[in-house]
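Please read the structure below before turning to the comments.
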Amino acid sequence: MARPTVAKDVTNFCKCTCGQNSTVIELTRFALSHLPHASKPIDVDTLMPNVCMNCTRLLCGIAEPQLCDGAAVDEEIVPLCFQRDSLQDEIIVVGFLMLVAGLLVWTAVRGRVMPVVNRTLEQNGYRALE
């Protein structure tokens, strides 16, 4: 069964770390073809379909050639692929904010609503437990 597509795609990033130095590279075709410090152009046509497979030491070395400057001799580049702005994260945050807003509204109107509800219940023969 095919998964439905979402209008907003997840953005993948590659964090390259060498010693105390680090940089983050956006893993999109446009961003990879316009890297400001790249030692040579990256051929975006040769990128892997799985975006995180492109987050390699080689990519880090090409994108930021000065990354290991000032690092110890035995330090090596450590690439880490991560995602940001996923739909699931947005749903959780928006749901939480709606819940908090609903609770605040209920707190604000509860003093006015409950007497009306209790009066209506008593008129219909229901009595609040005491």
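Some points to look at:
- Carbon and sulfur %, accessible surface of region 82-130 computed with the full protein complex present, 1.4 Å: 63 percent
- Shown in residue order for region 26-36 are the 3J(HN,Hα) couplings computed by the Karplus curve 6.51 cos²θ - 1.76 cosθ + 1.60 at θ = phi - 60°: 6, 9, 10, 4, 5, 5, 5, 7, 10, 6, x Hz (x for Gly and Pro).
- Carbon and sulfur %, accessible surface of region 8-51 computed with the full protein complex present, 1.4 Å: 52 percent
- Largest mean-square fluctuation among A31, A63, A108, in a Gaussian network model of the chain whose springs join Cα atoms under 10 Å apart, belongs to A108.
- Computed with a 1.4 Å probe over protein heavy atoms only, the accessible surface of region 31-130 comes to 81 Å² per residue.
- Helix axis angle, 87-123 relative to the chain longest principal axis, alpha carbon, degrees: 10 degrees
- Under a Gaussian network description of the chain, with springs only between Cα atoms under 10 Å, the residue in I42, I91, I25 that fluctuates furthest is I91.
- Fluctuation leader among V109, V94, V44 - the chain, Gaussian network, Cα springs under 10 angstrom: V109
- Alpha carbon convex hull of region 57-130, volume per residue in cubic angstrom: 216 Å³
- D (Stokes-Einstein, µm²/s), Kirkwood Cα radius, the chain, 0.692 mPa s at 37 °C: 167 µm²/s
- CD proxy at 222 nm, helix term only [per DSSP H run n ≥ 4: -39500 (n - 2.57); per residue of the chain; nearest 500]: -12500 deg cm²/dmol
- In this structure the amide hydrogen of T11, modeled in the peptide plane, comes within under 5 Å of the amide hydrogens of R84, none closer than 5 places in sequence on its chain.
The values are calculated or read from the model by the stated rules, or taken from the named source; none is laboratory data. From a predicted model like this one, the values you see are computed outputs, not experimental measurements. Side chains are part of the model used for accessible areas, which takes the heavy atoms of the whole protein and leaves out ligands, DNA and RNA. Shrake-Rupley method; radii C 1.70, N 1.55, O 1.52, S 1.80 Å.
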